[in-house]
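A.B. asks: The structure that follows is given in the form of structure tokens.
The values are calculated or read from the model by the stated rules, or taken from the named source; none is laboratory data. Quick caveat: nothing in here was measured; it's all calculated off a predicted structure. Here the Cβ positions follow ideal geometry from the backbone for every residue, glycine too, while neighbour counts run over all protein chains shown.
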Amino acid sequence: MNEAGTHVPFIVCWSSKFPSGKRTSFFTLKDVPPKIASTAKVPLQYKVNGMDLSHNFFNTDRID
């Protein structure tokens, strides 16, 4: 497995959407576009390899 970007902290500041605190969930940079699109309620206009893992930011249960 290529570890490019997997050990890099990801800092988000969107106080009206994401509650403050630390998350320990794992995701890669390819998961960022689907996550932002889902949170902003904007459909993606193209297919991406990433997954919408926004539930990790909201601390809601879901199986990936």
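A.B. asks: Would you check if Asn2 is surrounded by fewer than 14 Cβ atoms within 10 Å (Cβ to Cβ), over 14 Å from the mean Cα position of the chain (by Cα) and modelled with pLDDT under 75? Give the derivation first.
C.D. replies: Numbers: surrounded by fewer than 14 Cβ atoms within 10 Å (Cβ to Cβ): yes; over 14 Å from the mean Cα position of the chain (by Cα): yes; modelled with pLDDT under 75: yes.
Taking the combined requirement at face value, the residue satisfies it.
A.B. asks: So, in segment 5-53, exactly how many residues are at pLDDT 75 or above, more than 12 Å from the chain's Cα centre (by Cα) and of a type in the set (D, E, K, R)?
C.D. replies: The total comes to 2.
A.B. asks: Check Asn56 against each of (1) at pLDDT 80 or above; (2) in contact with an Asp or Glu (Cβ under 9 Å, 6 or more places away or on another chain); (3) in a helix (DSSP H, G or I) and name the one condition it does not meet.
C.D. replies: All conditions pass for Asn56, except number (1).
A.B. asks: Let me ask something else about it. May I ask you to list the residues in segment 34-52 that are in a loop (DSSP other than H, G, I, E, B) and either in contact with a helix residue (DSSP H, G or I) (Cβ under 7 Å, 6 or more places away or on another chain) or under 22 Å from Ser16 (Cα atoms) (or both)?
C.D. replies: Scanning segment 34-52 gives Ala40, Lys41, Val42, Pro43, Leu44, Val48, Asn49, Gly50, Met51, Asp52.
A.B. asks: Using beta carbons and a limit of 9 Å, which pairs, at least six apart or on different chains, have the first residue in segment 43-57 and at negative phi and buried (at least 18 other Cβ atoms within 10 Å of the Cβ) and the second one in a loop (DSSP other than H, G, I, E, B) and of a type in the set (Asp, Glu)?
C.D. replies: If the second residue must be in a loop (DSSP other than H, G, I, E, B) and of a type in the set (Asp, Glu), the pairs left are Leu53/Asp64.
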